[in-house]
Amino acid sequence: MSGTFVGMPAFPAAAHEAVRNETLRGNLRHATHTIRAKRAKAVAEVSDWAALREAGKRIKDHTLRHLDRYLEQLEEAVTAAGGTVHWATDADEANRIVAYLVKATGESEVVKVKSMATQEIGLNEALEAEGIRAYETDLAELIVQLGKDRPSHILVPAIHRNRGEIRDIFRAEMSEWGRPAPEGLTDTPAELAEAARLHLREKFLRAKVGISGANFMVAETGTLVVVESEGNGRMCLTLPETLISVVGIEKIVPTWRDLEVFLQTLPRSSTAERMNPYTSTWTGTTDGDGPSTFHLVLLDNGRTDTLADEVGRQALRCIRCSACLNVCPVYERAGGHAYGSVYPGPIGAILSPQLRGTGSEIDASLPYASSLCGACYEVCPVAIDIPEVLVHLRERVVEGGPVVREGNKVVLKPAKGHAAERAAMRAARWAFSRPGALRAGQRLASRTRGLHPRSLPGPGRAWSGTRDLPAVPAEPFRDWWQRTRGGSTGEGGAK
């Protein structure tokens, strides 16, 4: 993945700093509570939501199992429709391909549809290094770009900003990027939206090259799909002469009919709408209609390695709805920047360490950025068991073990700083496999409960510093059962 976030501290340190920002917490609390309440209402309207969720899961799992076949089918269909397909192993290769394609047009600026894949690879920075300026056209992405900021949410990248902050950014920065903000701009939503509309309109009408991602790619027809709510995507996809789409290989679905499921679940889970205001589809090129040249850059960048993990691969089902972020108590308090990735929240905590590996301090800490409450799994429209993957990745961090990196099987060493945790888990395994030792330990703990400290010493302070130690009962359950039931077998019990 891109090095955009290199230098970020591990999640605990970043989160500790973020939770002290009362303005940030207020912005996040208001936004996430509003979005998830609307989503719950929109989902409740659908009587077969559980069936749609299961259908989406099965479609994605089937596609991932046969990804090689569907990608080849997609390439054939896109080529037959007049497009050109490029394969990018990693971020550097994808950036080189896009920069080359833009330079081939003779242009030095591009307009962009909101795209997680291009953020992942740091495309804007790579194009700038080649003398090409990329203009974000999604309102929230525009705010982030003008504010020299980073996105903090999958759906609403500027969720950490309030209206007053946005007004100040527009006033100070718009003139450096094009049309300045109107005189006397206030923080009312209508005025802010109009300022953005006027600023972007000249870019839409001038740009000859557009860059997009895609929500879905249909293998049987070579069709790409973008769903959005503002109309900027439609402008970027239809007005430029050249369109370049950078899409992760996992975004593919086998047939046109499969879209029926996702075009019901994605809008409700993301923007709490019954359907997206703008659903744009395009298949190759057509004379006299839309861009005359279309390039599709298929991005791997760690996805094939993730696919090799039987537990972790379910993260590739993600349709980027952001529902998991909006219900996550950790995200609500820490915000998206603390995750050190363009993929924040619960999905980022399982996706980033797989795409990038767990070698860095930030990536090794992400599987722990969760309370394991399970709310993310409950709302996921493709039933990704995020808590299961988090526990799986925690084991990888602590124990190391075999993984696939860049297509090769390697054995990871245990991450530094987890020796005490490994020792504790091994001791627990030894005790739980020996009933006599466990019973003796429980009795000893009960009889010495008055001497127990309120916090753990040494490395244990990292755990007990933010939690109360559970009180040890006056007697172990085994002894209580023997005393109250006399060892007899009663209804629902066992001797």
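The values are calculated or read from the model by the stated rules, or taken from the named source; none is laboratory data. On a predicted model such as this, the values are computed, not experimentally measured, just so you know. Reconstructed Cβ throughout: ideal geometry from the backbone, glycine too, with neighbour counts over all protein chains shown. Only protein heavy atoms, including side chains, enter the accessible area calculation; ligands, DNA and RNA are left aside. Shrake-Rupley method; radii C 1.70, N 1.55, O 1.52, S 1.80 Å.
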Only one of these is over 26 Å from the mean Cα position of the chain (by Cα) and surrounded by fewer than 12 Cβ atoms within 10 Å (Cβ to Cβ): G417, G465, G441, G460. Name it.
G465
Here is a check on your reading of the model: is G374 at pLDDT 90 or above and not aromatic (F, W, Y)?
yes
A172 being under 19 Å from the mean Cα position of the chain (by Cα) and open to solvent by 10 Å² or more (accessible area, probe 1.4 Å):
no
Residue count for segment 303-331, restricted to those that are aliphatic (A, V, I, L, M), open to solvent by 10 Å² or more (accessible area, probe 1.4 Å), touching a Gly at 6+ places or on another chain (Cβ under 9 Å) and under 20 Å from A88 (Cα atoms)
1
Can you pull out the residues in segment 34-57 that are hydroxyl-bearing (S, T, Y) and either in contact (Cβ under 8 Å) with a residue 60 or more places away in the chain or in a loop (DSSP other than H, G, I, E, B) (or both)?
S47
Residue that is most open to solvent (accessible area, probe 1.4 Å) [pool: residues in segment 420-435 that are of a type outside the set (A, V, I, L, M) and in a helix (DSSP H, G or I)]:
R429
Somewhere in segment 112-129, is a residue in a strand (DSSP E or B) and open to solvent by less than 60 Å² (accessible area, probe 1.4 Å)?
yes
Restricting to segment 69-99, count the residues that are among the aromatic types (F, W, Y) and part of a helix (DSSP H, G or I).
1
Any residue in segment 285-300 that is touching a Gly at 6+ places or on another chain (Cβ under 7 Å), open to solvent by less than 10 Å² (accessible area, probe 1.4 Å) and part of a helix (DSSP H, G or I)?
no
Being in a loop (DSSP other than H, G, I, E, B) and open to solvent by 30 Å² or more (accessible area, probe 1.4 Å) is the filter here; which residues of segment 388-414 pass it?
E406, G407, K413, P414
Within the bounds of segment 446-459, is there any residue that is under 29 Å from G357 (Cβ atoms) and at pLDDT below 75?
yes
Quick one: how many residues across segment 160-211 are under 28 Å from E107 (Cβ atoms) and touching a Lys or Arg at 6+ places or on another chain (Cβ under 7 Å)?
6
Going through segment 120-138 in order, the residues found to be out of contact with any Lys or Arg (no Cβ under 9 Å at 6 or more places or on another chain) and in contact (Cβ under 8 Å) with a residue 60 or more places away in the chain are E120, I121, G122, E125
Filter segment 130-143 down to residues that are under 21 Å from L237 (Cβ atoms), assigned to a helix (DSSP H, G or I) and either open to solvent by less than 30 Å² (accessible area, probe 1.4 Å) or of a type in the set (D, E) (or both), then give me how many there are.
3
Can you say whether I384 is β-branched (V, I, T), modelled with pLDDT of 95 or more and either within 19 Å of A13 (Cβ to Cβ) or not in a helix (DSSP H, G or I) (or both), as far as the supplied structure shows?
yes
Restricting segment 342-366 to residues that are among the small types (G, A, S), closer than 19 Å to T304 by Cβ and open to solvent by less than 20 Å² (accessible area, probe 1.4 Å), which is modelled with the highest pLDDT?
S352
Pairs returned, first residue in segment 397-425 that is without any contact (Cβ under 8 Å) to a residue 12 or more places away in the chain, second residue that is in a loop (DSSP other than H, G, I, E, B), beta-carbon separation under 8 angstrom, 6 or more apart or interchain, are V411/G400
If a residue has to be closer than 19 Å to G407 by Cβ and either in contact with an Asp or Glu (Cβ under 6 Å, 6 or more places away or on another chain) or surrounded by 19 or more Cβ atoms within 10 Å (Cβ to Cβ) (or both) to count, how many in segment 72-85 make the cut?
0
Filter result for P473 (at pLDDT 85 or above, within 30 Å of I319 (Cα to Cα) and either touching a Phe, Trp or Tyr at 6+ places or on another chain (Cβ under 7 Å) or loosely packed, with under 15 Cβ neighbours inside 10 Å (or both)):
no
Would you confirm whether any residue within segment 368-385 is without any contact (Cβ under 8 Å) to a residue 60 or more places away in the chain, open to solvent by less than 60 Å² (accessible area, probe 1.4 Å), more than 15 Å from C324 (Cα to Cα) and not β-branched (V, I, T)?
no
Hey, does segment 58-68 have a residue that's part of a helix (DSSP H, G or I), β-branched (V, I, T), farther than 30 Å from T255 by Cα and over 19 Å from the mean Cα position of the chain (by Cα)?
no
Per-region count, segment 436-486, residues outside any helix (DSSP H, G or I) and among the basic types (K, R)
2
